[in-house]
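**Student:** Got a structure for you, questions after.
The values are calculated or read from the model by the stated rules, or taken from the named source; none is laboratory data. From a predicted model like this one, the values you see are computed outputs, not experimental measurements. Heads up, the Cβs are rebuilt from the backbone with ideal geometry, glycines too, and the neighbour counts pull from every protein chain shown.
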Amino acid sequence: MAFSLKTKSRQFAAGLIALVGVAGFGIGTAQAVEVQEVISKGGIKAWLIEDHLNPLLTVDFSFKGAGAATDPDGKLGRANMVSGLIDEGAGDMDSQTFRGQMENKSISLSYDAGRDDFTGSLVTLTRERETAVKLLKLSLTKPRFDDEAVERIRSQIVAGLKQEETDPGSMAQRAFFKSVFGDHPYARPVEGTFDTVNGLKVADLRDFVKQSLARDNLIIGVAGDITAKELGPLLDDAFGGLPEHSKLPKIPAVTPKFGGDVKVIAQDNPQSQAMWGQKGIARKDKDFYAAYVMNYILGGGGFSSRLTEEVREKRGLAYGVYSYLANLDQANIMMGGVATRNDAIGKSLSVIRGEWQKMQQKGISQTELDNAKSYLTGAFPLRFTSLGNLSGMLVGMQSEDLGIDFLDKRNDYVNAITLDDVNRVAGELLDPDHVTAIVVGKPEGKLTF
Amino acid sequence: MKFLSQRFWHHVPVVLPVLMMVLVLLAASARAAVFNPETTTLSNGMQVVLVENHRAPVVTHMVWYKAGAADEVPGTSGIAHFLEHLMFKGTKDIGPGEFSKIVARNGGQDNAFTTWDYTAYFQNIARDRLGMVMEMEADRMQNLQLTDKVVLPERDVIIEERRMRTDNNPSALLGEQMRNALFMQHPYGRPIIGWLHEMQQLTTQDAMAWYKKWYTPNNAILVVAGDITMAELKPMAEKYYGGIKGHDVPKRVRVKEPTQHAPRKVTLTDARVGQSSMSRYYLAPSYNTEHADEAAPLEVFSEILGSGTTSRLYKTLVVDQKLATTAGSFYDPVAMDLSTFGFYAVPRDGVEMADLEAALDDEIAKTLKEGITQKELDEARQRLLDSAVFARDSLSGAARTLGEALAVGLSVDQVENWPDRINAVTVEQVNDAARAVLDDKRSVTGWLLRPKGAKGPGMPTAPVTGEMETH
């Protein structure tokens, strides 16, 4: 091939790296997870957790604001289609050659388009690091979009759309987003529609790459068998070929509308699947952690949650019932889900609504708060048990602007929450009269949330 | 990019309680590795395995029981999995449902899973709480207390679980029918979750009988991975588990499959099918059966034939012939009895299933006739060996691989020697094993179809809101 990575590597090896910040994270013992900020000679920044336990490296990265919400009208599914094609041939390698190098060297490179961001992940053995970085660079800067690959990936996306058309969870989710987001880009399906996916042209995909993948919206998290000194040149190699600036449309802020109704999508299933949502809370809100603790107690805490206790343990109405806080860049929602046999889904929803009201009006007890805190703080280190978790967390920390010392401070944020905080936030946030619920199945009787 | 799967908005923190492990339609290539475990046996016969990993001050603690759905008495299908749920319903010291709450209050996560061959329980928790979870796990190994008051609602829960996993999902329903057709006599043909009409009849007495029969330290394996040494672990294991008095367990008698003479075909046509697909299962040896020496060659064969986007099936059916959107193979040789070797393929729009199946058959016939090449073997072997390195990275992955192997009757050495076995595989062994196993007479082919005249896939669709009714 035309370009020699080896030469490039050596050239950058002399580059300086700057250790701008270092934060330690102690988890109860002498061990600590240290997050280093590395800035390459070419000015590319990454956060790094060094871990030499195994000869493995994970690099997670995100192009902020380059997700499916930027798909132009009529070209829905564009970001998603690029995410499926960008690792299907690049430079002078067609798809089979490119994928053959990946697979035979055990390199995993994958991309994903969310509503807000376009993300990627590289996992490699130390032994194959050079090839891995070369493939990553080529995928970002010289994707081919050959006809064969485009039609093949298009067929896979269409197959996925067909499956989603009858999958109860996907049906509920699509209907929910459409219902609460109206005309906003968030209302549209990330994967697009049959029409738009079939209509996407290679030029559309190239437009996306040119406008969306740049150094000014790039966030990188690295974990594994590499030193800060080695990482600098790697960053320049992998990401240095990207243009300086992205040209992304601004996604408008939106207040989702929750009508307080239950919509039913008929499907001949023995069990009805429900999802619901109401207004949420921003990640940056001063009350986020109070809401986080409240949600853990209400429906986030598995067997320890009130919803599981009331719906599953006491009444046997469902295998799983849960709630969670979801955050998009321009909107926040508190969501939940349950699946119950058709003749009892109404009962499940009414029990859940009861818990929603009870939490809103009466809040929680000190014991519940203590238990929630001991779980949320104690379980935090369990996230540090695989490299993929670590690098992903480093991207999230930067994306949400949580600070390089977040791992160190996070449990303090949880511990600072008081009973009054939770009860006040429960009263303000929970809004059982303004919940939009979607039920897929053949529910019996009148449903209300 | 994700396709053929449900996309969640944001990451949904759904830790659905009490998982049931189902057959995954993916090659389990990362299953074995060199974990360098240490082992010992307690005075009452309980096996102990440790994999040290000092990345974070946490441990995975697992107890595996050598009893699963294939050990059930006919007519009580689902009892192994039901008991797994009921193990969270308390003892005289721990109230119903308290087990998981206590673990959570101590910053831990817990769950359990059941397969045909075993039932396993685990907690991930800070190392200084290991003694606490051992004490609770040892307690429920001997002191489970069940009453109808907690058992009957939980029976409703497992029935909802069945509806969610299987009855609401035509693809899962077809898989259930196919397995039942593949295993004409062996209990592997039974769904782990149980047949609905039998689940509805399961009682507290059935559950206690199952518990008393199989739950004893000499039928259990303790597997710990994480920030602890054997010098620390052994005395704790003796303290909490070593004093439990064991009892004899019955021999696990599994009936054998008779000679099979005819390929079977199962077709499920269901309006809830959005995307048609097909798959085929063949009876295959496991590391425990006759012809176990074919297992490693078959792992290599599956890697070559159907793992990844440069495999033979994907390259031929998807890239070159453009008949399928995706295609691949799967094979998992870790089982007490016979395993399954399988293929799957999803047709592109406008491709008839019969044409896709014919092309699949042609490619398999060609591969069997011509055999694989030395280059393919070398590449596949390297990929499989590399998978062992990735497997080491996860705390729970090491514990699961070792626990599963021991629970189905393999040894730690067999896990640790897996790279050697893979390395020793020859082209001839792969070709011989593939030719022996891919015998249509021992196969079931399944088609998952949309009804004729159903709203055309790929056609413009009405907006989702147009399909809604408001009640």
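**Student:** Do any residues in the range B:276-288 that are on the phi < 0 side of the Ramachandran plot have Cβ atoms under 9 Å from those of residues that are of a type in the set (K, R), where the two are at least six apart or on different chains, and which pairs are they?
**Tutor:** Hits for this filter: B:S276/A:K162; B:S276/B:R450; B:Y281/B:R179; B:Y282/B:R442; B:L283/B:R442; B:A284/B:R442.
**Student:** What helices (runs of 4 or more DSSP H), lying completely within the range A:371-449, carry at least 1 residues that are hydroxyl-bearing (S, T, Y) and in contact with a Gly (Cβ under 9 Å, 6 or more places away or on another chain)? Explain how you work it out, then say what you get.
**Tutor:** Working: elements: A:387-399, A:406-415, A:419-429.
Because the criterion is at least 1 residues that are hydroxyl-bearing (S, T, Y) and in contact with a Gly (Cβ under 9 Å, 6 or more places away or on another chain), the helices (runs of 4 or more DSSP H) in the range A:371-449 that meet it are A:387-399.
**Student:** Hey, does the range A:319-330 have a residue that's part of a helix (DSSP H, G or I) and surrounded by 21 or more Cβ atoms within 10 Å (Cβ to Cβ)? Can you show your working first?
**Tutor:** Let us first name the residues in the range A:319-330 that are part of a helix (DSSP H, G or I), namely none.
No, because not a single residue in the range A:319-330 is part of a helix (DSSP H, G or I) and surrounded by 21 or more Cβ atoms within 10 Å (Cβ to Cβ).
**Student:** So, one more: Could you list, in sequence order, all residues of the range A:132-151 that are touching a helix residue (DSSP H, G or I) at 6+ places or on another chain (Cβ under 9 Å), without any contact (Cβ under 8 Å) to a residue 60 or more places away in the chain and in a helix (DSSP H, G or I)? Outline the logic, then answer.
**Tutor:** Residues of the range A:132-151 touching a helix residue (DSSP H, G or I) at 6+ places or on another chain (Cβ under 9 Å): A:132-141, A:143-150.
Those left that are additionally without any contact (Cβ under 8 Å) to a residue 60 or more places away in the chain: A:135, A:138-139, A:144, A:146-148.
A:L135, A:L138, A:S139, A:D147, A:E148, listed by residue number.
To keep it simple, each residue is scored yes or no on (1) farther than 29 Å from A:T126 by Cα; (2) within 13 Å of chain B (Cβ to nearest Cβ).
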{"site": "A:A175", "(1), (2)": "yes, yes"}
{"site": "A:K178", "(1), (2)": "yes, yes"}
{"site": "A:G199", "(1), (2)": "yes, yes"}
{"site": "A:D204", "(1), (2)": "yes, no"}
{"site": "A:A214", "(1), (2)": "no, no"}
{"site": "A:N217", "(1), (2)": "no, no"}
{"site": "A:V222", "(1), (2)": "no, no"}
{"site": "A:Q267", "(1), (2)": "yes, yes"}
{"site": "A:P270", "(1), (2)": "yes, yes"}
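**Student:** Answer yes if at least one residue in the range B:422-435 is in contact with a helix residue (DSSP H, G or I) (Cβ under 6 Å, 6 or more places away or on another chain) and under 16 Å from B:L50 (Cβ atoms), and no otherwise.
**Tutor:** Step one: of the range B:422-435, the residues in contact with a helix residue (DSSP H, G or I) (Cβ under 6 Å, 6 or more places away or on another chain) are B:422, B:425, B:427, B:429-430, B:433-435.
Pick out the ones that are also under 16 Å from B:L50 (Cβ atoms) and you get none.
For the range B:422-435, residues in contact with a helix residue (DSSP H, G or I) (Cβ under 6 Å, 6 or more places away or on another chain) and under 16 Å from B:L50 (Cβ atoms): absent.
**Student:** Can you tell me how many residues within the range A:52-71 are within 11 Å of chain B (Cβ to nearest Cβ), surrounded by fewer than 24 Cβ atoms within 10 Å (Cβ to Cβ) and of a type outside the set (A, V, I, L, M, F, W, C)?
**Tutor:** 3
**Student:** Now, a different point. Against the condition buried (at least 20 other Cβ atoms within 10 Å of the Cβ), hydroxyl-bearing (S, T, Y) and more than 30 Å from B:K256 (Cα to Cα), how does B:Y331 come out, does it pass?
**Tutor:** Numbers: buried (at least 20 other Cβ atoms within 10 Å of the Cβ): yes; hydroxyl-bearing (S, T, Y): yes; more than 30 Å from B:K256 (Cα to Cα): no.
Here the answer is no, as B:Y331 does not meet what is asked.
**Student:** Which one of these is buried (at least 20 other Cβ atoms within 10 Å of the Cβ) and within 14 Å of another protein chain (Cβ to nearest Cβ): B:L384, B:L406?
**Tutor:** Going through B:L384, B:L406 in turn, just one is buried (at least 20 other Cβ atoms within 10 Å of the Cβ) and within 14 Å of another protein chain (Cβ to nearest Cβ): B:L384.
**Student:** Does A:E310 fit the bill of being assigned to a helix (DSSP H, G or I), more than 7 Å from chain B (Cβ to nearest Cβ) and within 29 Å of A:Q271 (Cα to Cα)?
**Tutor:** On the way: assigned to a helix (DSSP H, G or I): yes; more than 7 Å from chain B (Cβ to nearest Cβ): yes; within 29 Å of A:Q271 (Cα to Cα): yes.
Answer is yes for this residue.
**Student:** When only residues in the range B:101-123 that are crowded, with 23+ Cβ neighbours inside 10 Å and assigned to a helix (DSSP H, G or I) count, which is nearest to the other protein chains (Cβ to nearest Cβ)?
**Tutor:** B:A104
**Student:** Does B:A126 meet the test of being out of contact with any Asp or Glu (no Cβ under 8 Å at 6 or more places or on another chain) and within 10 Å of chain A (Cβ to nearest Cβ)? Can you show your working first?
**Tutor:** Numbers: out of contact with any Asp or Glu (no Cβ under 8 Å at 6 or more places or on another chain): yes; within 10 Å of chain A (Cβ to nearest Cβ): yes.
So B:A126 passes the test.
**Student:** Which residue out of B:A207, B:A181 is of a type in the set (G, A, S), surrounded by 23 or more Cβ atoms within 10 Å (Cβ to Cβ), modelled with pLDDT of 95 or more and out of contact with any Ser or Thr (no Cβ under 6 Å at 6 or more places or on another chain)? Even if it seems obvious, please write down each step before you answer.
**Tutor:** Values: B:A181 fails: surrounded by 23 or more Cβ atoms within 10 Å (Cβ to Cβ).
After ruling out the rest, the residue left standing is B:A207.
**Student:** Moving on. Can you pull out every residue in the range B:271-308 that is part of a strand (DSSP E or B) and within 30 Å of B:G350 (Cβ to Cβ)?
**Tutor:** Taking the range B:271-308 and keeping what is part of a strand (DSSP E or B), we get B:277-284.
Result: B:S277, B:M278, B:S279, B:R280, B:Y281, B:Y282.
**Student:** Aliphatic (A, V, I, L, M), in contact with a Lys or Arg (Cβ under 7 Å, 6 or more places away or on another chain) and within 12 Å of chain B (Cβ to nearest Cβ): is that true of A:V158 in this structure?
**Tutor:** no
**Student:** For the range B:418-435, which residues satisfy the criterion of being surrounded by fewer than 15 Cβ atoms within 10 Å (Cβ to Cβ) and not hydrophobic (A, V, I, L, M, F, W, C)?
**Tutor:** First pass over the range B:418-435, keeping only residues surrounded by fewer than 15 Cβ atoms within 10 Å (Cβ to Cβ): B:420, B:423-424, B:426, B:428, B:435.
Those that are surrounded by fewer than 15 Cβ atoms within 10 Å (Cβ to Cβ) and not hydrophobic (A, V, I, L, M, F, W, C): B:D420, B:N423, B:T426, B:E428, B:R435.
**Student:** Scan the range A:116-155 for residues that are within 7 Å of chain B (Cβ to nearest Cβ) and of a type in the set (K, R) and report the count.
**Tutor:** At the first step, the residues of the range A:116-155 found to be within 7 Å of chain B (Cβ to nearest Cβ) are A:125, A:148, A:152, A:155.
Remaining after also requiring of a type in the set (K, R): A:152.
So the count comes out to 1.
**Student:** Can you confirm whether the range A:264-275 contains a residue that is of a type outside the set (V, I, T), out of contact with any helix residue (DSSP H, G or I) (no Cβ under 8 Å at 6 or more places or on another chain) and over 26 Å from A:D183 (Cβ atoms)?
**Tutor:** Initial filter on the range A:264-275 (of a type outside the set (V, I, T)): A:266-275.
Narrowing further to those that are out of contact with any helix residue (DSSP H, G or I) (no Cβ under 8 Å at 6 or more places or on another chain): A:268.
Checking the rest, the ones that are also over 26 Å from A:D183 (Cβ atoms) come to A:268.
There is at least one residue in the range A:264-275 that is of a type outside the set (V, I, T), out of contact with any helix residue (DSSP H, G or I) (no Cβ under 8 Å at 6 or more places or on another chain) and over 26 Å from A:D183 (Cβ atoms).
**Student:** With B:G75, B:G131 as the choices, which residue is part of a helix (DSSP H, G or I), away from chain A (no Cβ under 12 Å) and either within 19 Å of B:K213 (Cβ to Cβ) or touching a helix residue (DSSP H, G or I) at 6+ places or on another chain (Cβ under 6 Å) (or both)?
**Tutor:** Working: B:G75 fails: part of a helix (DSSP H, G or I).
The unique qualifying residue is B:G131.
**Student:** Within the range B:117-158, which residues are under 30 Å from A:N342 (Cα atoms) and under 20 Å from the mean Cα position of the chain (by Cα)?
**Tutor:** Of everything in the range B:117-158, just one residue is under 30 Å from A:N342 (Cα atoms) and under 20 Å from the mean Cα position of the chain (by Cα), namely B:I158.
**Student:** Still on this structure, I have one more. Are any residues in the range A:85-108 part of a loop (DSSP other than H, G, I, E, B) and either within 9 Å of another protein chain (Cβ to nearest Cβ) or in contact with a helix residue (DSSP H, G or I) (Cβ under 7 Å, 6 or more places away or on another chain) (or both), and if so, which ones? So that I can check it myself, show each step before the final result.
**Tutor:** Filtering the range A:85-108 down to residues part of a loop (DSSP other than H, G, I, E, B) leaves A:86-89, A:91-92, A:94, A:105-107.
Of everything in the range A:85-108, those that are part of a loop (DSSP other than H, G, I, E, B) and either within 9 Å of another protein chain (Cβ to nearest Cβ) or in contact with a helix residue (DSSP H, G or I) (Cβ under 7 Å, 6 or more places away or on another chain) (or both) turn out to be A:I86, A:D87, A:E88, A:G89, A:G91, A:K105, A:S106, A:I107.
**Student:** So, in the range A:372-408, how many residues would count as being more than 9 Å from chain B (Cβ to nearest Cβ) and in contact with a strand residue (DSSP E or B) (Cβ under 9 Å, 6 or more places away or on another chain)?
**Tutor:** 18
**Student:** Still on this structure: Based on this model, can you work out whether A:G346 counts as on the phi > 0 side of the Ramachandran plot and either outside the structural domain of A:V414 (by TED's automatic domain parsing) or touching a residue at least 60 places away in the same chain (Cβ under 8 Å) (or both)?
**Tutor:** Details: on the phi > 0 side of the Ramachandran plot: no; either outside the structural domain of A:V414 (by TED's automatic domain parsing) or touching a residue at least 60 places away in the same chain (Cβ under 8 Å) (or both): yes.
Spelling it out, it is not the case that A:G346 is on the phi > 0 side of the Ramachandran plot and either outside the structural domain of A:V414 (by TED's automatic domain parsing) or touching a residue at least 60 places away in the same chain (Cβ under 8 Å) (or both).
**Student:** Let me ask something additional. Taking the range B:218-254, which residues are in contact (Cβ under 8 Å) with a residue 24 or more places away in the chain, loosely packed, with under 13 Cβ neighbours inside 10 Å and among the β-branched types (V, I, T)?
**Tutor:** B:T229
**Student:** One residue is enough: does the range B:141-160 have a residue meeting the conditions away from chain A (no Cβ under 14 Å) and in a helix (DSSP H, G or I)?
**Tutor:** The answer is yes; a qualifying residue exists.
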